[in-house]
Amino acid sequence: MTNRWIELFRDPFPIRKAIVKVIRRFQLGSYSFRIQLEAVKRPHYGYCVYQAGCLAKKLGLSRISVIEFGVAGGNGLLNLEYHGRQASKCLGIDIEVFGFDTGEGLPEPEGYRDLPYQWKTGFYKMDQTALEKKLTTAQLVLGNVRETVPTFFEKYDPAPIGALLLDLDFYSSTTEALKIFDLKKTGFLPRVHCYFDDVLGGEVELYNDYTGQRLAINEFNTCHNDAKLGKVYHLLSKSIVPRWNHQIWIAHLFDHPDYQRYIAEDTYQLELK
């Protein structure tokens, strides 16, 4: 029996899933409506981009940036462009898209924390020429993140970063990517939506808190007093919790000048009855 059939039998809401597929295929309703139903391709990308845009709008910003770390063949970056365009139209802000990658596939693992039993050097090599023909607005940042991250703000002058999609596989590469938060305090929104691709896995990966991306997250939190990566508990409390909800963290930048700025729309005033 194929994995697809197994997943079908495991799905407790098959009718809902079928309806969502129809809405996604025919793009029924507005983009914001489809985002809320997760009726879009790569809903985790859409969620991070759209929510980053909503926060930016509340802060009065007219443009933001979103970044994919680990472009590989480029399908994710093309999808990020799509969500950037749709969220931009919906919210009335400009969204810049950047993609970081070596261009040559995975580098050499740097020990057990990079899970060499799962990843090999050269996996996910990019066809740069073919990808660049399909990209419309996204900019590629090619090279090892250890070298490209430190100069990113100087070279590209991006709008404040609102979302990071991290698919670098390795502990070492993810650690280097997260150093972007150390570069420019005002180069981000005060709360940044982050998606980590390699934190769940299956029976081969057996991800844990002492290797891979989970270790990189834990070490980031240990080493930073004024910035923490936290889970999104309202996502995890829903009656239906898709797998990707467990892969979202929020980077809380406590020392950001706008972190304490009031953005709620309600006054929370209750009348005595």
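The values are calculated or read from the model by the stated rules, or taken from the named source; none is laboratory data. Small disclaimer: the values here were computed from a predicted structure and weren't measured. Cβ atoms come from the backbone with ideal geometry, glycine included; neighbour counts cover every protein chain shown.
Yes or no: Lys120 in the same structural domain as Thr175 (by TED's automatic domain parsing), part of a loop (DSSP other than H, G, I, E, B) and basic (Lys, Arg)? So Lys120 fits the description; yes. In the set Tyr82, Tyr50, only one residue is at negative phi, assigned to a helix (DSSP H, G or I) and in contact with a helix residue (DSSP H, G or I) (Cβ under 6 Å, 6 or more places away or on another chain); that residue is Tyr50. The single residue among Leu272, Leu164, Leu178, Leu253 that is surrounded by fewer than 21 Cβ atoms within 10 Å (Cβ to Cβ) and either out of contact with any helix residue (DSSP H, G or I) (no Cβ under 7 Å at 6 or more places or on another chain) or not charged (D, E, K, R) (or both) turns out to be Leu272. Filtered by the rule that a residue be among the aliphatic types (A, V, I, L, M), in a loop (DSSP other than H, G, I, E, B) and free of Cβ contacts under 8 Å to residues at least 12 places away in the same chain, segment 217-273 gives Val241, Ala264, Leu270, Leu272.
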